[in-house]
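Structure first, then comments.
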Amino acid sequence: MSSVSSAPSAPGTAARPVVELRDIRKSYGDLLVNDGVDLSLEEGEVHAVLGENGAGKTTLMRILYGLTRPDSGEIRVAGEPVTIATPKDAIAHGIGMVTQHFALVKPMTVTENVVLSEIGLGRVNLATARRKVLEAADRIGVAVDPDARVGSLSIGEQQRVEILKALYNDCRVLILDEPTAVLVPQDVDALFATVHRLTEQGMAVLFISHKLHEVSANSTRVSVLRRGRIVETMPTGNADPRALAELMVGRPTLGVRRADAPVAADPELALAEPTGTTSEPPPAKDVVLQLEEVSLGGSGTRLTLDGVSLSVRSGEIVGVAGVSGNGQRELVDVLCGMAAPIAGRVTVGGTDITGRGPRDVMNAGLGRIPEDRHGSVVGELSVEHNLVIEDLDSYRRGPFLDRRRVRAHAEALIERFSIKAKPTDPIGSLSGGNMQKVLLARVLSRDPRAVVVAQPSRGLDVGATEFVHRELLDRRAAGAAVLLVSEDLEELLALADRLVVMFEGRIVGEVPIAEATPARLGLLMAGEAA
Amino acid sequence: MIDILALIGAMLVAATPLIYAATGEVLTERAGILNLGIEGTMYAGAFSGFLVAAKTGSPWLGLAAALVLGVVAGALMGLLVVTLGVNQHVAGIGTTLLLIGASEFTNRLLYGGGALVQIDKFGLLFPDVPVLGQYVLTYVALIVVVPFVWWLLRATGFGLRVRAVGENPEAADAAGISVARTRYAALMGGGALMAAGGAFLTLAVVGTFTLNISNGRGWVCIALVIFARWRVWPAVLGALLFAGVDALQLQLVITPAFSGIPRELMLALPYLVVIAALAASGRGLVYPGAYLKPYRRA
């Protein structure tokens, strides 16, 4: 199905491949990441590479930019086979890349960052460079201050600096690796406006994404990558989003959500059928988890949490949305007993846990599933030991651990949570999905009254994500109060009953789920409107 | 009572080795490498400079030998921390121990038991003028080396590369800059400066080689660079402060009014000042982003 070069391109562009990848293979150990990938990129097109996490998208792009060496395969630029061993080679062949984590030197100015790839050893004429930066910015219609320190810019602005870097090197091909993952919706629009301006000038843009609506709206061609192989390349105009989703995940369903979740809020959500495991929203019940005017100091004078008030009732999932770094992590730390607030009160089921340590927090009935999975387990210890590590006193026999009960406990949970591991496996050897299941099992098996969970599906495949979502909805049905912190809007919209939005350490808005649209949330996330 | 002009003159002499070595350390640390080989590099610089000057009779050839040794010492650090990815603390202390040991061993083989060998050392420029009567190397440090390194880091491609690999080596790599080569270059250049600082002790101040000649000056420079927040001119300022207090305590020792104060306390005074300065300025330090981190492409 990978009829790459014969695929028609958008009208008005010359169908001449600028860059071709042929039969690219790459494996790490016995994990095959790219399994004979063919891909071509034509002048003036926006070519989207669509695939799930772990499909091999980023590896493929890193190979094209010389950051990773392929095991075999050929790269052609303008028809000629070339060797791209380092980013320098890629730049020399007119290929630029904006990596997911920006390759910027934060204490340096915009101009210094932009000229980094072309400087020699001698004196740098920063005045000329500055002028060229402004010209490049003008070409793509963005405003930048060439003298600003990159570290002081917003994420959207930093991304623009990355694009300027590529332009400054006279790239004809621009690779964008998950460019929208870190942006608020408004910045996403600006980004694609820039991309269209670039392609009008004859550049070819290759962007990778796992977001269907983005791909549908902004690309001329789309290639679907699944398990290291291109399963289809087609003009985006012909592509039915539902069919693309199927190609991407390799099966026809996707998503677990609340029975009453809004369907039309997002094109992707429209694909998800309500599943039978979800429950009707229970009538309003008692507040279980409550924060009153909680503040947390940060570095310097700025507060990382600034008077946060929040309550979660029994049988309710409250979602916390926001661009990463606006206090979500600190909020979770406070709730988990890892940080003591300088003001305010936190209660769980009426018990004051303000400033208490993790043990008191757990004993009050709060289950914690923090964002950092690896930091929440002891990698060298076995699955069974990690499962009881928060509750060792219950598994004592005299001064020792009761091994038989620990084993029985582990076996029961492995069965119930379908964890693919033996009780004695070191937990560090598990995949992200299985590790997350162990964490869920550890927390949920204690039947907590309230659950705090952060980025629960980050890095998980579709199957594991569904499992995690279903478990959270089951807890809600069982009457637990769930606080869900996530940067994934779709996840929030699918699971939460109410959403609050955090910006710069404050809660800037609360949106009932029926009124929550990405546009409205985006404004709140950008701190633009209440 | 205290001769201010003599004090300033002595301060400049005492500061010179610190200025060279601290400037060298700024260079390597801006590239992301804490070079704890500094003490050994100064020590071996002092010895190799002395050795070659003693054999050839020329302090200039001695200086050249020290510079070569410093480049080699920097390359050794590079081999350990850049190529092999060894922990920087371990590699640096190992390098220092190796260089001090090798210097003392060679010294014992060649000059063991005999009388102190005096070399034909550098003379003073303007010997009759107070304050300005200094060694050439002091003038070179203040008028050539420090401004040059400042300019290098600030306005040249090489300097931008050094800062980039020290702050975000991934970004430098993605921009087509060789992280390894840049770090080697910073280490070798920095090593040459450290060795020059050491050689100043034998070739200009003492005129011979004695055991423990660097006397912890390398460690002082490590503190000075942090105090200076990885900037060249503040490092010079720190060196002058340390040397000033050092020169002052030497004057105070021979001042009758202070004769009651124990000599040991006086000797400790400059070190106490450095500790106090570090403590006072140590809040909110922003280390180079890739400090202590070896770089491996993912």
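Data overview
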quantity	calculated
Helix-only mean residue ellipticity at 222 nm for chain A, each DSSP H run of n ≥ 4 adding -39500 (n - 2.57), per residue, nearest 500	-9000 deg cm²/dmol
Alpha-carbon gyration tensor eigenvalues x 5, square-rooted, for the stretch A:401-467, Å	21, 16, 10
R0 of 35 Å, Cβ-Cβ distance B:ALA279-B:ILE254: FRET efficiency to nearest 0.05	0.70
Rg over Rh [alpha-carbon atoms, Kirkwood Rh] for the stretch A:107-249	1.04
The stretch A:376-514: Cα Rg divided by the 2.2 N^0.38 Å rule of thumb	1.16
Structure-based [θ]222 nm, chain B - -39500 (n - 2.57) summed over DSSP H runs of at least 4, per residue, nearest 500	-21500 deg cm²/dmol
Distance between the stretch B:184-208 and the stretch B:233-298 - C-alpha centres, whole angstrom	20 Å
Cα-based convex hull volume of the stretch B:83-145 per residue, rounded to whole Å³	182 Å³
Table column - 3J(HN,Hα) (Hz), the stretch B:195-212, Karplus curve with 6.51, -1.76, 1.60, x for Gly and Pro	5, 4, x, x, 5, 4, 5, 7, 7, 10, 7, 8, x, 8, 10, 10, 4, 6
Translational diffusion of the stretch A:62-136, µm² s⁻¹ [Kirkwood Rh, Cα pairs; Stokes-Einstein; 37 °C; 0.692 mPa s]	230 µm²/s
Net charge of Cβ neighbours under 12 Å - reference B:LEU201; Lys, Arg +1; Asp, Glu -1	+2
Measure of compaction for the stretch B:1-130 (Cα Rg per 2.2 N^0.38 Å)	1.23
Distance between the stretch A:125-201 and the stretch A:406-477 - C-alpha centres, whole angstrom	41 Å
Cα radius of gyration and Dmax for chain B (Å)	19.3, 66
D (Stokes-Einstein, µm²/s), Kirkwood Cα radius, the stretch B:69-180, 0.890 mPa s at 25 °C	135 µm²/s
Cα-Cα pairs of the stretch B:157-298 separated by more than 26 Å (percent)	42 percent
Built amide H within the under 5 Å cut-off of A:GLY509, gap 5+	A:VAL501
Estimated inter-spin distance, B:LEU109 and A:VAL287, nm [label 7 Å along Cα→Cβ]	8.1 nm
Peptide ranges B:185-198, A:432-445, A:140-153 listed from the most packed, as the mean C-beta count within 10 angstrom indicates	B:185-198, A:432-445, A:140-153
Enclosed volume per residue, in Å³, of the convex hull spanned by Cα atoms of chain A	167 Å³
Estimated FRET transfer efficiency (A:ASP170, A:ARG345; beta-carbon r; R0 45 Å; 0.05)	0.15
0 to 90° range, to nearest 10: angle between helix B:263-281 axis and chain B longest Cα axis	30 degrees
Ellipsoid semi-axes in whole angstrom, largest first, where each is sqrt(5λ) of the Cα gyration tensor of the stretch A:320-397	25, 18, 9
Dmax and Rg, reported as Rg then Dmax, of the stretch A:318-452 (C-alpha, Å)	15.8, 49
Qualifying trypsin sites (Lys or Arg not before Pro) for the stretch B:175-249 [loop in DSSP, other Cβ within 10 Å: at most 16]	B:ARG229, B:ARG231
Alpha carbon convex hull of the stretch B:61-108, volume per residue in cubic angstrom	63 Å³
Förster radius 51 Å - calculated FRET efficiency between B:VAL90 and B:ARG263, Cβ distance, rounded to 0.05	0.90
Stokes-Einstein translational diffusion, the stretch A:114-168 - Kirkwood Rh over all Cα pairs, 0.692 mPa s, 37 °C, in µm²/s	282 µm²/s
Partners for A:LYS132 among lysines (Cα-Cα distance below 23 Å; same-chain residues under 8 apart left out)	A:LYS88, A:LYS106, A:LYS165
³J(HN,Hα), Karplus 6.51/-1.76/1.60, whole Hz, each residue of the stretch B:245-256, x for Gly, Pro	5, 4, 5, 5, 5, 5, 5, 5, 4, 9, 9, x
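All of the numbers you see were taken from the coordinates with simple rules; none came from a lab. The shown structure was predicted, so the numbers you read here are calculated from the model rather than taken from an experiment. Reconstructed Cβ throughout: ideal geometry from the backbone, glycine too, with neighbour counts over all protein chains shown.
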